[in-house]
Amino acid sequence: VGDLIPKIQAEASDDKLVIGQRQTRVFEWQTNLITRYQFNRASALKGWAVGTAFRWRTAPIIGYYRTPTTNTPLGILDPSRPIKGSPSTNGDAWLDYSRTFSMAERKVRWTAQFRVQNLWNDRTALPWSADVDNAGSVFLQQRRTPGERQFILSSTFEF
């Protein structure tokens, strides 16, 4: 129990030190590039479209280094020295078909789409939380694994 007291005190001190700092485990900068090409209505591919999405995110802050002191065995959290995770990239692709027809004297637009999410099936575990041990070495506390590749088929009707 005696070993827990300094850890609890360090946790309370850490919480106070990060007030007003950049939030951890957040991608501060993100870029989304989305493209879609609708084939010419006069061509044999009338009604078809293809598209892709590419997402890039900066490395998030996953913790902070500590400055050792004689009074605090774990060291004092140093918000000016963040520990960064890894940047993230992923992509999607889709193919869709759309046509308009009449039903009961109303125009109906039907769209079918086949989408592949996480196109490259990158399941690399990303560092999500880190701290520094008594020797000053960074150790990961938590990792986040992106979702696996998904194939999605959808059909929508607009009246």
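General observations
- C-alpha center-to-center spacing [the stretch 95-159, the stretch 18-92] in angstrom: 15 Å
- Candidate lysines for bridging to Lys7, where Cα separation is under 17 Å - those fewer than 8 sequence places away on the same chain excluded: Lys16
- Taking all pairs of distinct alpha-carbon atoms in the chain, Kirkwood radius in angstrom: 19.9 Å
- Computed about its Cα centre, the charge dipole of the stretch 45-128 is approximately 260 debye, with only Lys, Arg, Asp and Glu carrying charge at their Cβ.
- For Lys84, the residues whose amide H sits under 5 Å from its own are Ile62, ignoring neighbours fewer than 5 places away on the same chain, with H placed 1.01 Å from N.
- By accessible area, using a 1.4 Å probe on protein heavy atoms only, the chain has 55% of its surface on carbon and sulfur.
- Rounded tilt (10° steps) of 4-17 against the dominant C-alpha axis of the chain: 60 degrees
- The calculated FRET efficiency for the pair Gln150 and Arg41, based on their C-beta separation and a Förster distance of 30 Å, comes to about 0.45.
- The chain, helix-only ellipticity at 222 nm - DSSP H runs n ≥ 4, -39,500 (n - 2.57), divided by all residues, nearest 500: -3000 deg cm²/dmol
- Each residue of the stretch 18-29 was assigned a 3J(HN,Hα) from its phi angle through the Karplus expression (A = 6.51, B = -1.76, C = 1.60, θ = phi - 60°), giving 8, 5, x, 8, 4, 5, 7, 6, 10, 7, 5, 10 Hz with x at Gly and Pro.
- Under the convention that each Lys and Arg Cβ holds +1 and each Asp and Glu Cβ holds -1, the size of the dipole of the chain around its Cα centre is about 900 debye.
- The Cα atoms of the stretch 44-114 give a gyration tensor whose axes a ≥ b ≥ c have a/c of 1.5 or more with a/b greater than b/c, which makes the shape prolate.
The values are calculated or read from the model by the stated rules, or taken from the named source; none is laboratory data. Everything numeric here is computed off the predicted structure, so don't read it as measured data. Methodologically, a virtual Cβ is constructed for each residue, glycine included, from the backbone with ideal geometry; neighbour enumeration extends over all protein chains shown. What goes into the accessible areas is simple: the full protein's heavy atoms, side chains included, and nothing from ligands, DNA or RNA. Shrake-Rupley method; radii C 1.70, N 1.55, O 1.52, S 1.80 Å.
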